[in-house]
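A quick write-up on the structure given underneath.
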């Protein structure tokens, strides 16, 4: 299942692709104050597939957004590789997102006026780069999109659309890919399909993926799960299975 | 439902204001025009009522014929002896003969005042001694005593920096030195309608301006107890045939109505632009409501699901339109005052000076402007409102339902093509067939063409955007590609935005082509018909000129081979009131190349006339036939058709020899002098020599061939500037429309834009995308407009071939500039929406609630 390289990197102790230190995010003031993140310190290892879970309002999405440079922390720090996001302005953050981060959102992942292949290469073209043709074709091949490249998003199924989104995220060989409930809008078959492809991206291409989900089955595809509650990291689980995850999640209800 | 409409408006203040603004500008223009014309009319009405207050009766020659446009009714002069006859009538307290004609006053700096060729007339007249009868009132100095003393109007005194006691020049054909004896005002105004006035003592006026022993009219003052009507009855009994008497009240009313008639043209001219502006505003309203209705599909579905009837949904949209319309109309009416002042300034800029009076705002203005403003808004919102009412309740449950983006059904194409065809037919019939009210038919046709093209717009918009945007991906990479795709994704919307711009640009294109064709035709006519080197233009316009002595002096110069004066006057030839030209028959051959089709210029003697071949053909006249010609000074004569000639702009369509002219016109003035240099003299030397002589005639311009061509087309440039300024408004509204459409599209594409930003599009790349989309829309409207303008221009020029516009010239460079300007304007229009888009909160845009 695993390639030699990922196996090796796991053993040696993996490099950190992204991390936060005492991350805090506070919305509102005074009585209306909400602490979405309340001192989160967490590392995400390179070449790993990590899932972030937690009940609604636990801060899991906020953590993802702040790590991805879409939102800023109230205090604390977030790093992509060595880059401290709090020191970057809007333009630098944009470039960082373009060149070093990949995104898969729950929905509205694609530009409707562009074909599948144009969507895949969009970040590259925004950067004015040609990209590596071999790499792109291997990515779309891996994602099973080779015969769908000229289709517009409206002509693709939900699962295909999300696969295009994953392919786009992979196209720039980013340091890390963030998924925000990437299978949330899909039926279980299409969801399985997309998760399988994401798993392959990690195993075969050495990609780092961090995904927020509330679905235990989706989370079971990850190497590791970080559990959040009330803006804090409360638990972790390595090599999860769906049953174990479900079991853990039930405890949040108590 | 009322609450829903109201909340909807308050929720989108920016959109509300931007939409209202489009209609506001149109209404302001219309209200401004109405206010200004009412003000002008009232000012002149008061002015004439005031100056004729003391006049109880006026005696004048009976109308001989109605002159060509701009010349007015032609009347013969009356014998000076009539004054004595009138004075003996019982009940006459005083009677004075009046003379009026052309004179040109020169200011302190040596420059002639006023420009009778393009602006208000320059009038020479007799000073009326009786204060009650005099329409002028001295403000300083005295009445003119000696023959070289004059009274001038206060406006000219101010413009020419002249004071009582100053000596200056007046050109009455020939230049003469005069002393300013007095300065007068006309009623409460400084001058009658901006005209320049020079009043001489009566006999000097007869000699210098009119005809010795003749008057143009006689003003009569009644003795106490005799009514105006009674006075006129008694006068009529003793007047010789060919003269008439009318009451002071009648002359006041007649002058007032002539003034109103003169300004009716201006009124119509301005209202055309108001209609264009309102039409463009209507497009914008339609577009805005179409988009907002589409965006609110879910909301309207929800209303329907909750039990609102179709009528209620329809009503809520129309109510919103009504609110927009009312606000816009009220603001527009208020802004109309400012527009009235602006228009006045604009007109003053092109030489139409209007006296100042208090601004007149009538209830009619208010009612018309309000009704039109509200009406257009509601009408434009009708179709979007009906679409909103058709939203099924289930739309409330459908994700992302934003209405159709398709590009036109077959039915739509048929309707569009039919409207376009009808418009083209009306246009061509109006232009080429002899019909009643051609202007109305052509106008309606033009309107239908615009509507037809905008209906077809959705169908043509997609391929057009594709073609126009084709270079973008290569020029601007992915941002360009996205811009092009965005312009293509909703052809309906792109087409409607472009249509609004198309109208203004279409008219710009038409006028530009028309003017360039006219210029080219004039240039060609000069080349074809003028073989000389230099032209001295008297600058006297339709009725003025310089003394024939100038031509004689020029002929005497060693640098000059030959010089001949060209005169003009009003006559009625075989039933048509026309301008006739007159010149020395020899000069007609040597300088004007009057190519005879039949006969010979040499035969243009005292009782002969020459006609353009088309005129002769139309009137069914052949060489040697008698032609009845009526002159105001000499009455009706029968002239022999001695010459039939081909196209010749210098000679016009009706040509007399100098002898015939002098036999029938009292004035002796050349409107132009054509000069041919002597062999062996350089053009520069000849020009310098002619200039040396011409200097003595202030107001006259010495021009070489190139300058002469340019001078002829100068009034066209002024017209062009005026029209561009007025159309600028319509184009501004259209650009506002594009900005508004883009702003609304951005709201619609929030998620998409957020996604683009999330995956690495920088703010400047995002702005660039929107900017280029705007450019595609703007250029599309411009290209369509120019195509329509090109067709209109071709049709108009072809229709006017008989009027001497023989060359169809498309000014490609100017039109290319228009396209480039449109592209730049599109970029400017995109500034506010693209800024808004760039400030978008990425997170809010991409995260699903």
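Could you identify the single residue in A:102, A:69, A:47 that is within 13 Å of chain B (Cβ to nearest Cβ), touching a helix residue (DSSP H, G or I) at 6+ places or on another chain (Cβ under 6 Å) and either surrounded by fewer than 23 Cβ atoms within 10 Å (Cβ to Cβ) or not in a strand (DSSP E or B) (or both)?
So the residue among A:102, A:69, A:47 that is within 13 Å of chain B (Cβ to nearest Cβ), touching a helix residue (DSSP H, G or I) at 6+ places or on another chain (Cβ under 6 Å) and either surrounded by fewer than 23 Cβ atoms within 10 Å (Cβ to Cβ) or not in a strand (DSSP E or B) (or both) is A:69.
For the range A:154-198, what are the residues that are surrounded by fewer than 18 Cβ atoms within 10 Å (Cβ to Cβ) and closer than 24 Å to residue A:80 by Cα?
A:173
Within the range B:706-730, how many residues turn out to be surrounded by 22 or more Cβ atoms within 10 Å (Cβ to Cβ) and modelled with pLDDT of 85 or more?
Count: 1.
Is there a residue in the range B:785-804 that is away from every other protein chain (no Cβ under 14 Å), outside any helix (DSSP H, G or I) and touching a residue at least 60 places away in the same chain (Cβ under 8 Å)?
yes
So, in the range A:72-96, exactly how many residues are more than 15 Å from residue A:26 (Cα to Cα), in a loop (DSSP other than H, G, I, E, B) and either within 14 Å of chain B (Cβ to nearest Cβ) or touching a residue at least 60 places away in the same chain (Cβ under 8 Å) (or both)?
Here the count works out to 3.
What is the number of the single condition among (1) surrounded by fewer than 17 Cβ atoms within 10 Å (Cβ to Cβ); (2) touching a residue at least 40 places away in the same chain (Cβ under 8 Å); (3) within 21 Å of residue B:631 (Cβ to Cβ) that residue B:61 does not meet?
(1)
So which of B:482, B:456 is touching a residue at least 40 places away in the same chain (Cβ under 8 Å), within 14 Å of chain A (Cβ to nearest Cβ), touching a helix residue (DSSP H, G or I) at 6+ places or on another chain (Cβ under 8 Å) and in a helix (DSSP H, G or I)?
B:482
Among the residues of the range A:127-141, are any more than 16 Å from residue A:172 (Cα to Cα), more than 10 Å from chain B (Cβ to nearest Cβ), touching a residue at least 12 places away in the same chain (Cβ under 8 Å) and assigned to a loop (DSSP other than H, G, I, E, B)?
no
Anything in the range B:616-633 that is surrounded by 13 or more Cβ atoms within 10 Å (Cβ to Cβ) and in contact (Cβ under 8 Å) with a residue 40 or more places away in the chain? List them, or say none.
Within the range B:616-633, B:619, B:621, B:627, B:629, B:630, B:631, B:632, B:633 qualify.
What are the residues in the range B:293-316 that are buried (at least 22 other Cβ atoms within 10 Å of the Cβ) and within 44 Å of the chain's Cα centre (by Cα), if any?
B:293, B:294, B:316 - these are the residues of the range B:293-316 that are buried (at least 22 other Cβ atoms within 10 Å of the Cβ) and within 44 Å of the chain's Cα centre (by Cα).
Table: residues versus (1) crowded, with 19+ Cβ neighbours inside 10 Å; (2) over 30 Å from residue A:60 (Cα atoms); (3) at pLDDT 90 or above.
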{"site": "B:812", "(1), (2), (3)": "no, yes, yes"}
{"site": "B:817", "(1), (2), (3)": "no, yes, yes"}
{"site": "B:824", "(1), (2), (3)": "no, yes, yes"}
{"site": "B:837", "(1), (2), (3)": "yes, no, no"}
{"site": "B:843", "(1), (2), (3)": "no, no, no"}
{"site": "B:848", "(1), (2), (3)": "no, no, no"}
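Taking residue B:500, is it within 14 Å of another protein chain (Cβ to nearest Cβ) and modelled with pLDDT under 90?
For residue B:500, the condition - within 14 Å of another protein chain (Cβ to nearest Cβ) and modelled with pLDDT under 90 - is not met.
Read through the list (1) touching a residue at least 40 places away in the same chain (Cβ under 8 Å); (2) farther than 17 Å from residue B:842 by Cβ, then give the number of the only condition that residue A:146 fails.
If we test residue A:146 against (1) touching a residue at least 40 places away in the same chain (Cβ under 8 Å); (2) farther than 17 Å from residue B:842 by Cβ, just (1) comes out false.
Scanning the range A:112-121 for residues that are within 8 Å of chain B (Cβ to nearest Cβ) and touching a helix residue (DSSP H, G or I) at 6+ places or on another chain (Cβ under 6 Å), which turns out nearest to residue A:46 (Cα to Cα)?
Among those that are within 8 Å of chain B (Cβ to nearest Cβ) and touching a helix residue (DSSP H, G or I) at 6+ places or on another chain (Cβ under 6 Å), it is A:112.
Are any of the residues in the range B:152-175 closer than 17 Å to residue B:102 by Cα and more than 36 Å from the chain's Cα centre (by Cα)?
Within the range B:152-175 (the criterion being closer than 17 Å to residue B:102 by Cα and more than 36 Å from the chain's Cα centre (by Cα)), the answer is no, since none of the residues qualifies.
Test residue B:765 against the stated conditions and say whether it is over 29 Å from residue B:728 (Cα atoms), in contact with a helix residue (DSSP H, G or I) (Cβ under 9 Å, 6 or more places away or on another chain), in a helix (DSSP H, G or I) and at pLDDT 90 or above.
Here the answer is yes, as residue B:765 does meet what is asked.
Look through the range B:431-451, keep the residues that are in a helix (DSSP H, G or I) and modelled with pLDDT under 85, and return whichever of them is surrounded by the fewest Cβ atoms within 10 Å (Cβ to Cβ).
By that ranking, first place goes to B:439.
The values are calculated or read from the model by the stated rules, or taken from the named source; none is laboratory data. Given the structure is predicted, the values throughout are model-derived calculations rather than measurements. A quick note on method: Cβ atoms are made from the backbone with ideal geometry, for glycine too, and the neighbour counts reach across all protein chains shown.
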